[in-house]
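Working notes, beginning with the structure itself.
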Amino acid sequence: MSRRDDFEHLPRRLFLQLLAGAGAVSLAGCAADDLPGAPEAGVDPASANGGEDRKLYAFFSKSFNRDFERSPEWMTQLGIKKRYGEWNDWSDAFAEEDHRYTVADLEFMRTQIDRLALSDSMRISYDVFLFRNELRVANWPYRFHNYDVSHFGGPHQYVPSTLINQHRIDEPADAEAYIARLNATPKLFDQVTAFMREAEAHGITLPHFSYPLMIEDAKRAVAGTPFDNGDDNPMFADFKAKVAKLSIGETEKDTFIEAARDALVASVKPAYAQFIQTAEAIGAHEKTDHGVGTLPDGARFYEERIRNHTTLPLKAQEIHQLGLSEVARLSTEMEGLKKKAGFRRPLRAFYDDLRSDPKFFYPNTDAGREAYRQRVEDLLAGARAALPRAFGVLPKADIAVKRMDRFVEVGQTIAYYEQGTPDGSRPGYVRLNLSDMSKMPKWQMAALNFHEGIPGHHLQISIAQESKSTPDFRKYTFFTSYIEGWALYTELLAKEMGLYKTVYDDIGRVAMELWRGCRLVTDTGIHSMGWSREKCIDYYLANTPLTDDNIRREINRYFVFPGQACAYQIGKNKIVELRERSKAALGPRFDIRAFHDAVLKNGAVPLPVLERLVGEWVQAAANA
């Protein structure tokens, strides 16, 4: 399975890639025997419906805790200080062991659990677990195809990101763990570069353009003092700031800081130098910007990725045609909004105006960046106030807005959501790429941030993580079509909630959905039909008002994240379809808040499971 399979939302993300969810109990400072997924977390197995439920709860707990404890970075991300001085294992032996566990878990489910004897709620968990593990098994033959290291993500980005954004220093032992992680970086990068070389030996390399972008980010990560004579490197500055807050003597603080300086120079710098050298060497031999369809078994790999991200048995040509249809539909809607805005020239000219007129942009200054960030705060505050009109269940988790780390801005897209810790010690963040304000138009702000924050990712993920009625593995399982489908659906929902205040906000909404419709066309074009980068860029320029820089970032992403971009529109369309079907069935008894609660209460599920769950809710509502 891909090393980022369940973490596709965050900074690579990490997780897109975009880590998901949070535990049903407070996780900060958990003891080793009190990890999320223990039988006490979520639903009490003693209250489960019969012995089969209890047996399945126990299995979920064992499986979850095993996977959780094998990932030091996951524990850190959730605020648990266990294996706090370590990085994840990137060795192929570790990946093979993971695969054996996945196969064994499937075998247990199929042979030891009687699905028909389960309660309704546990049957959902059974189906989700089975679906997820079957996807993992299907991906195993393609583990070197997954582009786990690229300009879009990899350890060169998440080493500093994890240390700065997730590694807390509350006591001296935490500072020691931080230094231990710095000194463990060579081992991590040894494994990562071995993985890159093994992929190359299988004939799997990145598109040519990805290498210089990846190398630039890696060089940024090790710039500044103590690596050179510039300002403090972000890791060094972060460590010093955190240690300064400890209640210890100045001499002990100085000792820690010198140890961190030594670790950065003696361990981190040569580790990054090795990584950069490997990327340069492989990149020097790669001359083409290719889709995965050209790789060994690439066509079958792309089919697997479509299935993984959409959770549906769709073909590339089918998705491509859907994209063409959606772009045509949305272009007609944009024509109407263009006229409403008083623009009389052709649509292509309107798009050129939207991406170039200075009135649509904040100044490319620190003051402009702060004005942009503050407006996003205001948009999210307004959305939060309006939530009770459309939702019954609301999350408790807080949300904030923050600029992306500078060492990821080169290859990242314009924004992403970064979820917080389950104990609330770190809020969820909308992270913004503010490196160049001429690429961040004002008309895009509302829809973009409703998608990433409220009522999009933050609302959905927070409701899932705060649930006390689902096993913990469900809070950490991503299905892209559900997660991204929901966030895209909320861009439309925000209009229905009255959150768009101007015609240009609404233009931004349609532009954002055109973006997703074009994804269906270009992702399949790249990986199934041999489209070039320039052909994809030209298609976007003709059919959306996105800025040239944003378009190029997007196309670069599709090349190294095959199939993921197809899930947004497909997921959104399914949710809209289920809503309209529910309205027709229930008539005046339809309640939009109850519908949303039905969609959200079970967390991320495959679309076929969501369809079944909404159907069951409709039946129950009709009989109530």
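The values are calculated or read from the model by the stated rules, or taken from the named source; none is laboratory data. Please read all numbers here as calculations on a predicted model, not as lab measurements. Cβ placement follows ideal geometry from the backbone for every residue including glycine, while neighbour counts extend to all protein chains displayed.
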Review point. Residue check, I570 against (1) surrounded by fewer than 17 Cβ atoms within 10 Å (Cβ to Cβ); (2) at pLDDT 95 or above; (3) in contact with a helix residue (DSSP H, G or I) (Cβ under 7 Å, 6 or more places away or on another chain); (4) under 23 Å from I414 (Cα atoms), all met but one. Which one?
Key: (1)
**Study point:** Sole residue being within 30 Å of D120 (Cβ to Cβ) and at pLDDT 95 or above, chosen from D523, D538, D591
**Key:** D591
Review point. Any idea which residue in region 405-437 is surrounded by the most Cβ atoms within 10 Å (Cβ to Cβ), counting only those that are over 19 Å from M512 (Cβ atoms) and among the polar types (S, T, N, Q)?
Key: Q419
Study note, to complete from the structure: Pairing a residue in region 151-167 that is under 14 Å from A184 (Cβ atoms) with any residue that is among the polar types (S, T, N, Q) and part of a helix (DSSP H, G or I), where Cβ atoms lie under 8 Å and the two sit 6 or more apart in sequence or on different chains, gives V159/T185; T162/T76; T162/Q77; H167/T76
Check your understanding: Can you tell me which residues in region 349-365 are exposed (fewer than 12 other Cβ atoms within 10 Å of the Cβ) and charged (D, E, K, R)?
Key -> D357, K359
Check your understanding: For L322, which of the numbered conditions (1) under 17 Å from L541 (Cα atoms); (2) surrounded by 16 or more Cβ atoms within 10 Å (Cβ to Cβ) fails to hold?
Key -> (1)
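To keep it simple, each residue is scored yes or no on (1) surrounded by 24 or more Cβ atoms within 10 Å (Cβ to Cβ); (2) more than 16 Å from the chain's Cα centre (by Cα); (3) closer than 27 Å to F131 by Cβ.
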{"site": "K468", "(1), (2), (3)": "no, yes, yes"}
{"site": "D472", "(1), (2), (3)": "yes, yes, yes"}
{"site": "Y482", "(1), (2), (3)": "yes, no, yes"}
{"site": "Y489", "(1), (2), (3)": "yes, yes, yes"}
{"site": "A511", "(1), (2), (3)": "yes, yes, no"}
Check your understanding: Would a scan of region 488-502 turn up a residue that is under 22 Å from L610 (Cα atoms), touching a Ser or Thr at 6+ places or on another chain (Cβ under 9 Å), among the small types (G, A, S) and assigned to a helix (DSSP H, G or I)?
Key -> no
Revision key, fill the gap. Of the candidates V128, V137, V159, the one satisfying the condition of being assigned to a helix (DSSP H, G or I) and surrounded by 24 or more Cβ atoms within 10 Å (Cβ to Cβ) is V159
**Study point:** Considering residues of region 277-309 that are crowded, with 18+ Cβ neighbours inside 10 Å and of a type in the set (A, V, I, L, M) only, the residue farthest from Y142 (Cα to Cα)
**Key:** A279
Check your understanding: Does P545 count as more than 22 Å from D597 (Cα to Cα), of a type outside the set (D, E, K, R) and over 23 Å from the mean Cα position of the chain (by Cα)?
Key -> yes
Check your understanding: Any idea how many residues of region 289-309 are of a type in the set (S, T, N, Q) and either in a loop (DSSP other than H, G, I, E, B) or under 25 Å from E534 (Cβ atoms) (or both)?
Key -> 1
Review point. Picking from S532, S528, which residue would you name as being within 26 Å of P207 (Cα to Cα), touching a helix residue (DSSP H, G or I) at 6+ places or on another chain (Cβ under 8 Å) and among the small types (G, A, S)?
Key: S528
Check your understanding: Considering A241, A199, A221, which residue is at pLDDT 95 or above and more than 27 Å from the chain's Cα centre (by Cα)?
Key -> A241
Review point. Could you say which residue among P562, P545 is surrounded by 22 or more Cβ atoms within 10 Å (Cβ to Cβ) and more than 27 Å from L312 (Cα to Cα)?
Key: P545
Review point. Can you tell which of R348, R344 is more than 24 Å from C518 (Cα to Cα) and basic (K, R)?
Key: R344
Study note, to complete from the structure: Taking first residues from region 334-346 that are closer than 11 Å to D506 by Cα and second residues anywhere that are among the hydroxyl-bearing types (S, T, Y), the pairs with Cβ under 8 Å that are 6 or more apart or on different chains are A341/Y504
**Study point:** Segments classed as helices (runs of 4 or more DSSP H), wholly inside region 509-624, with at least 1 members that are out of contact with any Leu (no Cβ under 6 Å at 6 or more places or on another chain) and farther than 24 Å from Q460 by Cα
**Key:** 533-543, 548-560, 567-586, 607-623
Practice item. Can you run down the residue pairs with Cβ atoms below 8 Å, 6 or more apart or on separate chains, where the first is in region 135-146 and more than 20 Å from Q191 (Cβ to Cβ) and the partner is of a type in the set (S, T, Y)? Key: R136/T102; V137/T102
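Take the residues in region 162-191 that are assigned to a loop (DSSP other than H, G, I, E, B) and of a type outside the set (K, R); name whichever of them is nearest to the chain's Cα centre (by Cα). Show your work before the answer.
Of all residues in region 162-191, those assigned to a loop (DSSP other than H, G, I, E, B) come to 166-171.
So of that shortlist, the ones also of a type outside the set (K, R) come out as 166-167, 169-171.
Working: Q166: 16, H167: 20, I169: 26, D170: 28, E171: 31 Å.
Looking at residues that are assigned to a loop (DSSP other than H, G, I, E, B) and of a type outside the set (K, R), I get Q166.
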Exercise for review: Taking A263 as meeting all but one of (1) within 31 Å of the chain's Cα centre (by Cα); (2) surrounded by fewer than 20 Cβ atoms within 10 Å (Cβ to Cβ); (3) of a type in the set (G, A, S); (4) in a helix (DSSP H, G or I), write down the number of the exception.
Suggested key: (2)
